[in-house]
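Report on the structure given below.
The values are calculated or read from the model by the stated rules, or taken from the named source; none is laboratory data. Treat the numbers as computed from the prediction; the structure is a model and nothing was measured. Because the Cβ atoms are built from the backbone with ideal geometry, glycine has one as well, and the counts that use them run over all protein chains shown.
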Amino acid sequence: MQTAADCPIGAEVTIYNVTSSTTGLIKTPLAAVLTNPDGTFTATFNWCSFSWCWWPCEFFWWDCWPWWWELDMLAVIENLERRLPLQAARSEKVSLAHAAPLRQAHTADLMTGVGFAGLRSNTELRPDSARTALIASKLANPRIREIFPWWWWCCENPNIVFSATQGATTILDEDPNTSTRWCFSSGQSVPLTGNGQSIGACQLQNGGPCGFSWSSVGDEPGGILVTNISMGYAVGSGGACSNMAFNGSLNLNGIFGGNCLGFYQVLAGQWGGNGNPARGGTPPVGSHALSATLTDTITIWHLGTISQVSVTLGPCSFNGMDNLYISRGHRQNPPAGVTGLPAFPTIPAGAIWGWDAPNLILTVPAGDLVAPATTGGATLSLKPYDITGAALPMGTQPFDLGPDLILMNDTTSLVGAGGTTHPTIDSVQVFNADGTPATLSVSSTTVCPAYQITTPSGGYVLVHTTVTDNAGHLCEYYLQTQYGNGLYLGGTTPSDRDYAQPASSFTPPSPPGQRYGVDAGYSAPNNLPFPAPPPSSPPFALSVPGNWSYVGGGDTFYIPITRSCCYDFQLWVSKRTTDGQTFACSGWNPTFQTVNITVV
């Protein structure tokens, strides 16, 4: 048994037999066992086909059956009727000596109602009371009942499902309707995967030649693979949320090969020029060792109980060097002289234990890669050492390094009019249908404005916003209008502004035909998300200033109004940034404006 990340699971596993009843499938426990240190288990139980393999009505099998058997039952009965000498007297002994025998379908198929599916003509398998009554009337004929092969529906092996628990937490509970392994033969094996609540104990995989390569940024498993990072940007899906810079706490993952590594340093070099690898920046000329604290959790499964302990991997000092991280393979017994590492937890004899994130190289805030700047590219590399603290030759045997990891980082926020720290709704103007200004109500205030539209057909609202991202990583913004009790008003033009839209769609207002549009100086997306410009040498010769940029600016939205109500105009915005796991282009609502509008 293992997690989705292929880590062995310590758990108590229960095996159930599945049987059919008139109300559906039911499961009965057969055995419960604990997993071994590698997550495997062996379960043995006695199996009696007579006591388990019978129809739901046992000795009166012809009185009831599961509805999902009925199409197969009817296929068998009708076949028997075609070959049975029905004109013979009832007392005559039934003989099928001159009839071709029926071919028995696989029992597992009969148990699930698809044994004779090929004989059906697009008949849907579902409950049918008329069909049930028809089968009952046919089985009432003792001559049919005498030769009907009811035992075909009886497995000589159990039909099994599994459940698993870790302490009080259920990490697997298979549904017999979808997960039953029908007629499971003795000696078979089956893989089981725990759910998201399961706790695994990952073992280190250090086979093959000594080396290292970056694998992903983000969660483990998962995250953004390095193959999906181009010129420092996460490529994305091709829509508005593409070509994302990095922000937040970054889990940097990589794969070690062989067992020659004892310690390592993570080096970061900042890009020069404008600092952006995709917009004409210059590669770093130096680097420095990062010193963020790295911890991983070990999970210990012993005598049916689970404990988790956080273990510090660095930074530590050894052999005159600082900012080192010790490999997990040597963390339990580090060499004498290492400082900065707390004692390793005690592992009970016979316990299952392992690392939660064996490929996690470092967790570091994106801003630390380019500090004191708030945006910029960083080239990440790894410097390896053996267990004595001696540097390993890089790029050749015995330690082969893969390509460096380049990340474009952005920790800035979107801004509004006048350089405010968040996007702004600058004005809300209400008009009659003929374009004349609506009447400002006597009781109106600047905080809670109120207007009267005097044209019976209604009018419209013009909402001016400013959404600017000086780093050029704007993803999307739009207005959402709520009114009444949980109602949403549609008809906003434009419906939204996003990075995937062509620059030609960002046009200024042109009254009286187009009342909405962008202000002068607005910076529209100057590149669609795909195809990405291919990297070449020197690092990205095709990179140009402004590449993959969307800055934004001032914009006016048009919203038709036809009824009297209080309207809440909400501005929603997002940046094209990601930490590789918990957020990517996450939208938020920085501001709103309520307006009371009466249509007279």
(request) Report yes if residue 240 is part of a loop (DSSP other than H, G, I, E, B), more than 23 Å from residue 391 (Cα to Cα), modelled with pLDDT of 90 or more and assigned by TED's automatic domain parsing to the domain that holds residue 378, otherwise no. (result) yes
(message) I'm told residue 161 meets every condition in (1) β-branched (Val, Ile, Thr); (2) surrounded by 18 or more Cβ atoms within 10 Å (Cβ to Cβ); (3) in a helix (DSSP H, G or I) except one. Can you identify the failing condition by its number?
(response) (3)
(request) Of all residues in segment 437-448, count the ones that are at pLDDT below 95 and in a loop (DSSP other than H, G, I, E, B). (result) 8
(request) For segment 323-377, name all the residues that are of a type in the set (S, T, N, Q), in a strand (DSSP E or B) and farther than 30 Å from residue 307 by Cβ. (result) 323, 375
(message) I'd like to check something: does segment 395-411 contain any residue that is under 30 Å from residue 479 (Cβ atoms) and either in contact with a His (Cβ under 6 Å, 6 or more places away or on another chain) or acidic (Asp, Glu) (or both)?
(response) yes
(message) Which residue is farthest from residue 232 (Cα to Cα), if the candidates are limited to segment 374-401 and must be modelled with pLDDT under 90 and crowded, with 16+ Cβ neighbours inside 10 Å?
(response) 392
(message) Can you tell me how many residues within segment 129-147 are charged (D, E, K, R) and either within 16 Å of residue 68 (Cβ to Cβ) or surrounded by 15 or more Cβ atoms within 10 Å (Cβ to Cβ) (or both)?
(response) 3
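Let's see how each residue does on (1) touching a Lys or Arg at 6+ places or on another chain (Cβ under 7 Å); (2) at pLDDT 95 or above; (3) surrounded by fewer than 19 Cβ atoms within 10 Å (Cβ to Cβ); (4) not aliphatic (A, V, I, L, M):
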{"site": "461", "(1), (2), (3), (4)": "no, yes, no, no"}
{"site": "475", "(1), (2), (3), (4)": "yes, yes, no, yes"}
{"site": "484", "(1), (2), (3), (4)": "no, no, yes, yes"}
{"site": "490", "(1), (2), (3), (4)": "no, no, yes, yes"}
(request) Using the structure shown, decide if residue 523 is within 35 Å of the chain's Cα centre (by Cα), among the polar types (S, T, N, Q) and modelled with pLDDT of 90 or more. (result) yes
(request) Sort out for me the strands (runs of 3 or more DSSP E) sitting completely within segment 268-322 that have 3 or more residues that are surrounded by fewer than 17 Cβ atoms within 10 Å (Cβ to Cβ) and in the same structural domain as residue 342 (by TED's automatic domain parsing). (result) 294-302, 305-314
